[in-house]
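Enquirer: Here it is, the structure, as C-alpha cells.
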Protein chains: 2
Amino acid sequence: MEKIISRYKGKGFKLTPQRLAILKFLEGNTNHPTAEDIFREIKKKYPTVSFATVYNTVEALRERGELLEITINPDRKHFDPNPNPHHHIICKVCKKIEDIFTDYSEALKLPKDITDEFEILGNHVDFYGICKNCRN
Amino acid sequence: MEKIISRYKGKGFKLTPQRLAILKFLEGNTNHPTAEDIFREIKKKYPTVSFATVYNTVEALRERGELLEITINPDRKHFDPNPNPHHHIICKVCKKIEDIFTDYSEALKLPKDITDEFEILGNHVDFYGICKNCRN
DNA sequence: CATTATAATAGAATTATTCCAAGATGAGAA
DNA sequence: TTCTCATCTTGGAATAATTCTATTATAATG
Ligand SMILES: [Mn+2]
Ligand SMILES: [Mn+2]
Ligand SMILES: [Zn+2]
Ligand SMILES: [Zn+2]
C-alpha cells in the first residue's frame, strides 16, 4: 500500500480515497476486470463513487503506462494492471480471460510492405478457447 | 455476383435485395468496415435500410463462418468478409486496419497449464503502429 | 399461385462510455 | 498549519453502439 502511494506521489497524479481504493483493487489483480467490476468493488467502500471516476482513473493510469486496455472481448473493455507485454486467452463461453506470458516477439515479424508503411509500436496475441468449466 | 448467390442459395439464408447489397459491398472488401460503414453504403441504394438489418446480416454471416468480427479497435467493431485465418495491424492515429497474411501458427504455441485448461479454438495477432500518412 | 418461414423495418430499449458543470479536496507553497 | 489552486469527484445528461420487439413484407418452396 505504501508502495502504491510512493509510486504515484509527486507525479501529478492526485491520490484521492477513491483512487486509492481503485489502485488497491487493481494491485496484482489478474482477473482483467471491466469498468463495472471495478465500480462494483469500489462502491462497497465508497457508495457514492461514480462511473466517471472509474473511467477517469483507468484513463489516467493508461496514459501513464500503468495499465492496459484489453480488446479481446467484443462486448466490453477489460483492464489489466500489468502493463508488461503479455498475451491473453478468452473463454468463448464464460468470457474469462487469462494471461499468457510466453514471449512470441522473435516470431512475430512483419512483411516488408507493412514495415514500410507502419512504424510498429507493439503487438498482442488473442487466443480463443473454451475453459474446462464451460466444457461440462 | 452469381457466385455470391449460389453460395447462399438453399442454405437457409434468405437472399433479400438488402442482403445482396451487403454481400456485394463486402465481397473482396479489405477495408474492415464498421456497421456504420456498411449501413451508409447500403443506404445509398436502399434508403430505408435499418441498422438492425445490417447487424442481423453480419451476425447471420458470422454464424456461418463467412465473416469475422475484428476487436482490434477499442472504439467499435469492424467486420471482415475474409474468414481465413489472418492478422491485422491498426494505425493508432487514423484507425485504419490492414491485413497481415503471415502464418504464425507454428510459433504461437501455448504453455501446458493453458492447454490443460482450455480447448484452443484459434488465435489472432493485433499489431499496433502509426501509418505513413499519420506520421506527417 | 399459396403457404410459410424468415427478413426488414421503425423505433424503443439497453449498454457502454463520455461529457459537463458544480462543488470538493489533495498537494504543495507559504 | 493554513491557504490556494489545480485537479478530482459527482450526478446526471449526452452520445454512441448495439440489441430487442412488434409489425409488416417478402423470398423460397412446392
Ligand atoms: Mn493480463
Ligand atoms: Mn482482414
Ligand atoms: Zn469458460
Ligand atoms: Zn494512420
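The values are calculated or read from the model by the stated rules, or taken from the named source; none is laboratory data. Nothing here was measured: the structure is a model prediction, and the numbers come from that model. Cβ atoms come from the backbone with ideal geometry, glycine included; neighbour counts cover every protein chain shown. The area values use the complete protein model at the heavy-atom level, side chains included, leaving out ligands, DNA and RNA. Shrake-Rupley method; radii C 1.70, N 1.55, O 1.52, S 1.80 Å.
Enquirer: Kindly indicate the residue of the stretch A:53-72 that is open to solvent by less than 10 Å² (accessible area, probe 1.4 Å), more than 9 Å from the chain's Cα centre (by Cα) and over 15 Å from A:TYR8 (Cα atoms) and also farthest from ligand 3 (Cβ to nearest atom) among those meeting that condition.
Expert: Only one residue tops the list, namely A:VAL54.
Enquirer: Regarding the stretch B:100-114, can at least one residue be identified that is farther than 22 Å from A:GLU106 by Cβ and open to solvent by less than 70 Å² (accessible area, probe 1.4 Å)?
Expert: Scanning the stretch B:100-114 turns up no residue that is farther than 22 Å from A:GLU106 by Cβ and open to solvent by less than 70 Å² (accessible area, probe 1.4 Å).
Enquirer: Just to be sure before I move on: is A:ASN31 open to solvent by 10 Å² or more (accessible area, probe 1.4 Å) and within 16 Å of ligand 3 (Cβ to nearest atom) in the structure I sent?
Expert: So A:ASN31 passes the test.
Enquirer: Separate question: Assuming B:PRO74 fulfils every condition listed in (1) within 16 Å of DNA strand D (Cβ to nearest atom); (2) within 11 Å of chain A (Cβ to nearest Cβ); (3) within 27 Å of B:ARG19 (Cβ to Cβ) apart from one, which condition is it?
Expert: (3)
Enquirer: Now for a separate question. All but one of (1) of a type outside the set (Lys, Arg); (2) touching a strand residue (DSSP E or B) at 6+ places or on another chain (Cβ under 7 Å); (3) free of Cβ contacts under 8 Å to residues at least 40 places away in the same chain hold for A:TYR46; state the number of the condition that does not hold.
Expert: Checking A:TYR46 against (1) of a type outside the set (Lys, Arg); (2) touching a strand residue (DSSP E or B) at 6+ places or on another chain (Cβ under 7 Å); (3) free of Cβ contacts under 8 Å to residues at least 40 places away in the same chain, the one that fails is (2).
Enquirer: Within the stretch B:34-47, take every residue that is assigned to a helix (DSSP H, G or I) and open to solvent by less than 60 Å² (accessible area, probe 1.4 Å) and give me the one that is farthest from DNA strand D (Cβ to nearest atom).
Expert: B:ILE42
Enquirer: Condition first: open to solvent by less than 60 Å² (accessible area, probe 1.4 Å) and either more than 10 Å from the chain's Cα centre (by Cα) or within 16 Å of ligand 4 (Cβ to nearest atom) (or both). Now tell me which residues in the stretch B:73-99 satisfy that.
Expert: B:ASN73, B:PRO74, B:HIS78, B:HIS86, B:HIS87, B:HIS88, B:ILE89, B:ILE90, B:CYS91, B:ILE97, B:GLU98, B:ASP99
Enquirer: Would you please list the contacts, defined by Cβ atoms under 8 Å and residues six or more apart or on different chains, that run from a residue in the stretch B:50-64 that is among the β-branched types (Val, Ile, Thr) to a residue that is open to solvent by 70 Å² or more (accessible area, probe 1.4 Å)?
Expert: none
Enquirer: For the stretch B:80-133, how many residues meet the condition of being facing another protein chain (nearest Cβ under 9 Å) and assigned to a loop (DSSP other than H, G, I, E, B)?
Expert: 11
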